[in-house]
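Scroll down for the structure; my scribbles are underneath it.
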Amino acid sequence: ALNGERSRLAQSFDYNYGDFIPILRPFLRGYLKICKEVKERRLQLFKDYFVEERKKLGSTKSMSN
């Protein structure tokens, strides 16, 4: 259970290594910002391509029935 918690923390963007290694803070701020942007872009891409396509497919199926 501890390892699961650790990996969840390590993958979380709220968990900042700068709390432990103060010298890295300025670099990490930019890095975490990039990570967040990439994550948001991926989610948006997923929504645009997959979720919208599923909605279209669902609406066309219900009309043909």
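The values are calculated or read from the model by the stated rules, or taken from the named source; none is laboratory data. The structure presented is a predicted model; accordingly, all values stated were derived computationally and were not measured. Cβ atoms come from the backbone with ideal geometry, glycine included; neighbour counts cover every protein chain shown.
Numbers below:
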{"item": "Qualifying residue in region 51-63 (condition: at pLDDT below 75, outside any helix (DSSP H, G or I) and of a type in the set (S, T, N, Q))", "result": "no"}
{"item": "Test: residue in region 2-13 that is under 16 Å from the mean Cα position of the chain (by Cα), assigned to a loop (DSSP other than H, G, I, E, B) and at pLDDT below 85", "result": "yes"}
{"item": "Residue match in region 14-33 (condition: surrounded by 10 or more Cβ atoms within 10 Å (Cβ to Cβ) and modelled with pLDDT of 85 or more)", "result": "yes"}
